[in-house]
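Quick notes on the structure that follows.
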Amino acid sequence: MSAHYTEQQLSFCTSLPKVELHAHLNGSLRDSTIRELALQKNLDPSLTKVLEKGDRTLSEVFQVFGVIHQVTTDHATLTRITQEVIEDFAADNVQYLELRTTPKDRPEHGMTKRSYTEAVIRGLRLAEQGCTTVVRLLLSIDRREDAAAAMATVQLAAELSPCVVGIDLSGNPTVGTWETWEPALQHARKLGLRLTIHAAEVYNPSETKQILEFRPDRLGHMCCLDDNLEKQFYDSLIPVELCLSSNIITESVGSFPDHHFLPFFQAGHPVVLCTDDSGVFETSLSKEYAIAAQAFGLSQKDLWQLSYQAIQHTFLSREDQQKLRESWNEHYATHSHTWN
Ligand SMILES: [Zn+2]
């Protein structure tokens with residue numbers, strides 16, 4: 001994406017310790033790895049042509065996701081991409097990462113939801129050996145899944161705790177109905193799993209109302225609200241994960257300055273900047289912070305506050321959150337005297 005920030009803003013944001021709470025494994029994949037895997041798997045070369053192009057349009061984004069889906073069909077690849085994605089976030093000074101992925105039953109590839117997730121966890125363990133970033137997993141329920149598949153994902157998540165800390169609901173926002181997944185999400189809550197829900201990506205007032213009444217621990221996006229929903233959302237004080245580039249590229253929002261980050265932020269509602277799909281959308285968490293700085297006129301202290309406050313919205317225990325704060329406090333003590 002063309003620059004929507006200055007080099008100085010980017011360099012400041014890169015130096016900040018950061019928390020990433022909304023990152024999908026497949027969407028965070030490096031282009032170079034996609035190309036290499038496509039070659040290994042003898043994919044038609046015309047399919048990967050789209051990777052050569054910067055500033056991707058929405059239809060090009062769908063093409064990239066299509067290629068990723070075709071190359072991530074074996075356990076060794078899942079382990080590899082998990083390790084790489086974590087390394088990339090670590091290199092961007094993300095010190096705590098909640099990575100989400102949808103466990104898939106793919107019998108044609110000898111893959112079950114459990115074997116899929118175990119392959120991802122192997123990648124997480126490998127990455128841990130080389131970097132200090134703390135990583136936890138969220139297992140996603142895809143909106144195309146039925147109640148039984150949703151329940152199977154919840155059960156698996158509970159069995160793989162504490163590496164898995166929560167459940168996400170995601171996928172095509174025009175597919176499915178809330179009633180299908182609510183029992184599984186209620187069950188997840190009873191099992192002590194934390195919950196984050198992609199909500200209001202499209203205008204669907206009855207579903208958005210149901211989600212707000214359900215009171216997940218966090219929400220994702222919240223792009224399409226009317227006055228009533230906005231009031232209900234503000235009253236809820238539920239933290240929201242906001243992904244600026246994602247919302248622009250997927251055409252949910254017209255321009256960065258028009259993004260709902262600003263009214264939410266000005267209202268004092270808890271917000272967390274996140275990437276969504278850093279690979280596919282050609283961004284990084286530092287770039288998202290820099291875009292916010294430029295689009296909304298945030299000071300360096302505002303950016304620090306955003307990053308620091310994100311810690312309390314993680315699905316870590318209070319004790320582990322406190323450990324993160326100590327690292328942030330050290331950074332503050334060394335650098336804050338120069339900030340505007
Ligand atoms: Zn997402």
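The values are calculated or read from the model by the stated rules, or taken from the named source; none is laboratory data. Predicted model only: the values in this text are computed from it and were never measured. Cβ placement follows ideal geometry from the backbone for every residue including glycine, while neighbour counts extend to all protein chains displayed. Surface areas here come from the heavy atoms of the whole protein model, side chains and all, with no ligands, DNA or RNA. Shrake-Rupley method; radii C 1.70, N 1.55, O 1.52, S 1.80 Å.
A few comments on the model shown:
- Segment 54-105: C-alpha gyration tensor shape, a/c 1.5 cut-off, then a/b vs b/c: oblate
- 5 angstrom amide H check on HIS198, placed H, neighbours 5+ away: LEU169, GLY220
- Taking every protein chain into account, the accessible area of the chain amounts to 42 square angstrom per residue (probe 1.4 Å).
- Share of pairwise Cα separations in segment 251-340, more than 24 Å, in percent: 27 percent
- Pairs of lysines in the chain (C-alpha under 21 Å apart; 8 or more residues apart or interchain): 9
- The alpha carbon gyration tensor of segment 1-143 gives principal lengths a ≥ b ≥ c with a/c of 1.5 or higher and a/b no greater than b/c, which makes the shape oblate.
- When peptides 10-22, 97-109 are sorted by average Cβ neighbour count within 10 Å, with the highest value leading, the order is 10-22, 97-109.
- Taking only the C-alpha atoms of the chain, the Rg (one decimal) and the largest Cα-Cα distance, Dmax (whole number), read 19.1, 58 Å.
- With every protein chain in place, the chain: carbon and sulfur % of accessible area (1.4 Å): 51 percent
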